1. Please compute the contact order of the chain in relative form: average sequence separation of alpha-carbon pairs under 8 Å and at least six residues apart, divided by the residue count, as a percent.
2. Suppose every Lys and Arg Cβ carries +1 and every Asp and Glu Cβ carries -1, with no other charges. What dipole size does the chain come out with about its Cα centre, to the nearest 20 debye?
3. Calculate the spin-label point distance for residue 82 paired with residue 279, positioning each point 7 Å from the Cα along the beta-carbon direction, and give it in nanometres.
4. For the charge dipole of region 36-272, defined by +1 on Lys and Arg C-beta atoms and -1 on Asp and Glu C-beta atoms about the Cα centroid, which residue among 52, 81, 123 has the Cα displaced farthest towards the positive pole?
5. Arrange the peptides 218-225, 235-242 so that the one whose residues have, on average, the most other Cβ atoms within 10 Å appears first.
6. Helix 132-145 versus the longest principal axis of the chain: what angle, 0 to 90°, nearest 10, using Cα atoms?
7. Of the peptides 80-88, 107-115, how do they stack up when ordered by the mean number of other Cβ atoms within 10 Å, highest first?
8. Can you pick out the pairs among 78/201; 242/333; 142/196; 226/319; 110/201 whose Cα atoms lie more than 26 Å from each other?
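Read-outs throughout are calculated quantities, based only on the coordinates presented, and are distinct from any laboratory measurement. Given the structure is predicted, the values throughout are model-derived calculations rather than measurements. Don't worry about glycine lacking a Cβ; one is built from the backbone with ideal geometry, like all the others, and counts go over all protein chains shown.
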Amino acid sequence: MRESLRCLVPAILLILLITPYVRACSAGELSLTADAAVLIDYQTGAVLYSCNATEPLPPASTTKILAAILSLEMGEMKEPVVIDHYSASIEGTSLYLKAGQIFSLYDITKGALINSGNDAAAAIAVHMAGSEEQFAALMNYKAKTVGCRQNCFCNPHGLPQDGHAVSACDLARITRYALNNKDFRRIVGTKSDRIKELSGKSVIDLYNTNRLLGHRDGDLEVIGVKTGTTSEAGQCLVAAAKHKNHLLISVVLGSGDRYADTLLLFEYGASNCHYTAVKGKTPLFQVPVKRGTCKAVAVGTEKDVTLMISPRQLPLLDKRVYLKPNIKAPCRKGEAAGRIEIRLENNLICTADLVTLQDVPGRSFWWNKGI
């Protein structure tokens, strides 16, 4: 028996050694290569899919999303940025900026987002806060104000640094916030651009590193946002895609194939999470009518009310209706009759106006006489 055990233990160890490493998200509802992933709805913030989404991981250059939104919000876009020696010498993806060159803050921000220039991101930090460390403090404060919980930013570009990590959920929150900014949305949706020194001496062509930008598949169109890659972080991608009248935001961290993973997430959202909560022009309630030719009028919404929501969350939806106590005739089709609120786990995610769906004439003198 002891001899059998002596042979069995090495055999088990050998099996463990030769068994290939399986990434954390490969065995879930979707077969992803990423270590962490999340898909959310831009409008409501509802999480449609998640896998290890609250685990802080190295984000690589997706860090620049937060650095850029700080630049766009805190700076004047035409103000000159003098490139310092530190920023010009930083490693990794670069615009090859030279110390002493002067660009507008807006152009440097474009260089950080479109071309993923580490030197551009460092220049933003030094210009706005004096150093990367001080700028990182601003980044962490901003992240907290938009609801982030699992993050620690140590630099503006995402190069490996001890403690520099953020969760997929927090990156989605930051991106959802950033997409409210028109300049940010315009920049991350740009395939190519050109920036030049304020002196006019040199010009730099920019080419977007996001290969999914502009990708279309039926009702789905990818409109941004930011790539990131380091040996420590693996392939990372934050992306946004329009689907009908909704906008989806996906994040994949530590991916083996970020583009395939992202398309799987968007396909999942488009196929499984599009829910019609209220059918437009369908009578939902009857509201009493004063002095009308009928006692009540049908009310409903003018258009379909659609949501992006995970099938698992459907039982958690709560619809609350607020109707006018009565409506005075004559009333025309389309008059305000109340509103409907839709909540998910007590959080308001959607409201829609209720209107009358028909005309109701008022009673005439002869109608009252029964003639």
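1. Value for the chain: 15 percent.
2. That gives a dipole near 2280 debye.
3. Each label point is offset 7 Å from its Cα along the Cβ direction, giving 6.8 nm.
4. The one lying farthest along the dipole's positive direction is 81.
5. So the order, starting with the most tightly packed, is 235-242, 218-225.
6. 20
7. Put in order of decreasing packing, that is 107-115, 80-88.
8. 242/333; 142/196; 226/319
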